[in-house]
Amino acid sequence: MSSNAKHLHSIDAGHYKNTAGCETEVMPIPDIVKISMSQNIGAPCKPLVKKGDEVKVGQLIGDTDAFVSVPVHSSVSGTVTGIETQRSAMGGNDTLVVIEADKKQELAEGIKAPEITDQPSFVKAVRDSGLVGLGGASFPTHIKFNPKNIDDVHTFIVNGAECEPFITSDHRTMLEDAQQVIDGAQMIMKYLGTEQGYIAIEENKPDAIANFDKMLAEQGISNIKTFKLQARYPKGAERVLIYEITGKHCDAGVLPADLGVIVSNVTSVAFFGQYLKDGIPLTKKRMTVDGDAVNTPKNIIAPIGTQIHDIMEFCGGYKSAPTKILMGGPMMGRAIFSDKMPIVKNNNALLAFSKSQAFIPEETACIHCGRCHVACPFDLLPTGFADAYEQRDAQRLSDLQVMQCMECGSCSFVCPARRPLSFMNKLGKGLVKEAGIK
């Protein structure tokens, strides 16, 4: 991170938090779920069930021996009707376990609250729960909570910033499941051995801040405090958040634990707080459904594996034919090719936009205005990256520190020429990796 990181001042436009006041609605169990075996940033799981098998809620249906991975569980009770392959939002192929729900939602045998007595049993419980980063990253949480230098970790940060436009699902978690957040944070801090904890929340969520302040005071918890962030994108990015709270620079390639810090999304912490009580693994997800093509924007809870078109039907269907559907927010979310795709663990939003809202003007020549440089949280030079990428100059990309880019999209958003700078940065990083430049 550059020495100018203190000037973090990226996007300060409309936040479009249209559903902030919408209490979460639980979606009825769909007829069919399609549960992906690739629901984390690491290795995909292998199906442990076959066509014709009866399954129950919370039953293990996918796992792997790979280090960077987490197991997958059934979100419904019913019958496995097949194993399919489908193109994913990442561009690869996903293996899907297709289950016809019987609507009984019977729990799998043996589900009970985890017995946690020490650090190894804590890490095992986190992995057994199937938890990944629910803010969008999908990094296996048990690996994050088991750093090699655990004795040096002193600060735990609950990331409740939710800085992306439109998304309010974390906000609703902080209002509706605040006790689970506190319980989860206390247990995590106990086994990480951290001295202090922060719940970081943007100032455009004063009700969430007040709710936590009140509950922490009433319960006599003094080692966890709220931290008010300016409501400007991308304050919720992990590296930005660490700087905001601790003043420490977390460069690309540096793990937060190396700085004595662990950061976890607020919904991840809330889920773990509930898992401590009932032992039910990650089988459902709260998300925001919004966009001008949606009839009734809502915050919902749906079984993991629910197809997107079923969720849209629950929200009143489409107001108009969507030109673009995003998994996630408009800044870092991924456009999908079909609403027949299922939701996965780290989906925090589904946004459907009409042609007018999804319209991107035609790209024109760079006018060297410098707005992308000003908008960059790390004081990088996106136009330099773009020029170097177009020339396929991997060494120059490396010299300009393209690997520091976190692909937040701020440069693309402010560019008057509508150049896809963030995407070109991503391609540039790939070029540097291919060249083997350290």
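The values are calculated or read from the model by the stated rules, or taken from the named source; none is laboratory data. Since we're looking at a predicted model, the values are computed, not measured. Virtual Cβ from ideal backbone geometry, glycine too; neighbours counted across all protein chains shown. The protein model used for the area step is the full one, side chains on, heavy atoms only, and it has no ligands, DNA or RNA in it. Shrake-Rupley method; radii C 1.70, N 1.55, O 1.52, S 1.80 Å.
Numbers for the structure displayed
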{"quantity": "Unmet requirement for PHE156, which otherwise passes all of (1) surrounded by fewer than 24 Cβ atoms within 10 Å (Cβ to Cβ); (2) under 21 Å from GLN274 (Cα atoms); (3) hydrophobic (A, V, I, L, M, F, W, C); (4) in contact with a helix residue (DSSP H, G or I) (Cβ under 7 Å, 6 or more places away or on another chain)", "calculated": "(1)"}
{"quantity": "Any hit, segment 314-321, residues being among the hydroxyl-bearing types (Ser, Thr, Tyr), assigned to a loop (DSSP other than H, G, I, E, B) and farther than 19 Å from VAL70 by Cβ", "calculated": "yes"}
{"quantity": "Options GLN119, GLN105: the member that is in contact (Cβ under 8 Å) with a residue 24 or more places away in the chain, open to solvent by 20 Å² or more (accessible area, probe 1.4 Å) and touching a strand residue (DSSP E or B) at 6+ places or on another chain (Cβ under 7 Å)", "calculated": "GLN105"}
{"quantity": "Residue identified as under 15 Å from CYS411 (Cα atoms), of a type in the set (Val, Ile, Thr) and in contact (Cβ under 8 Å) with a residue 60 or more places away in the chain among VAL374, VAL344", "calculated": "VAL374"}
{"quantity": "GLN180, sole failed condition from (1) more than 30 Å from PRO120 (Cα to Cα); (2) part of a helix (DSSP H, G or I); (3) polar (S, T, N, Q)", "calculated": "(1)"}
{"quantity": "Residues of segment 247-273 classified as surrounded by fewer than 21 Cβ atoms within 10 Å (Cβ to Cβ), in a loop (DSSP other than H, G, I, E, B) and either modelled with pLDDT of 95 or more or in contact with a Phe, Trp or Tyr (Cβ under 8 Å, 6 or more places away or on another chain) (or both), total", "calculated": "4"}
{"quantity": "Test: ILE143 is part of a helix (DSSP H, G or I), among the β-branched types (Val, Ile, Thr), in contact (Cβ under 8 Å) with a residue 24 or more places away in the chain and surrounded by 15 or more Cβ atoms within 10 Å (Cβ to Cβ)", "calculated": "yes"}
{"quantity": "Members of segment 189-211 found to be polar (S, T, N, Q) and part of a strand (DSSP E or B), listed by number", "calculated": "GLN196"}
{"quantity": "Residue satisfying all of: in segment 346-361; modelled with pLDDT of 95 or more and surrounded by fewer than 23 Cβ atoms within 10 Å (Cβ to Cβ); farthest from GLU407 (Cα to Cα) among these", "calculated": "SER354"}
{"quantity": "Filter pass, ASP12 being at pLDDT below 95, open to solvent by 50 Å² or more (accessible area, probe 1.4 Å) and in a loop (DSSP other than H, G, I, E, B)", "calculated": "yes"}
{"quantity": "Selected residue [within 19 Å of GLN39 (Cβ to Cβ), open to solvent by 40 Å² or more (accessible area, probe 1.4 Å) and either in a loop (DSSP other than H, G, I, E, B) or not charged (D, E, K, R) (or both)] from THR81, THR95", "calculated": "THR95"}
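Yes/no per residue for (1) surrounded by fewer than 20 Cβ atoms within 10 Å (Cβ to Cβ); (2) touching a residue at least 40 places away in the same chain (Cβ under 8 Å); (3) of a type outside the set (S, T, N, Q):
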residue: ALA185; (1), (2), (3): no, yes, yes
residue: GLY193; (1), (2), (3): yes, yes, yes
residue: GLY197; (1), (2), (3): no, yes, yes
residue: ALA200; (1), (2), (3): no, yes, yes
residue: LYS214; (1), (2), (3): yes, no, yes
residue: ALA217; (1), (2), (3): yes, no, yes
residue: LYS225; (1), (2), (3): yes, no, yes
residue: PRO234; (1), (2), (3): no, yes, yes
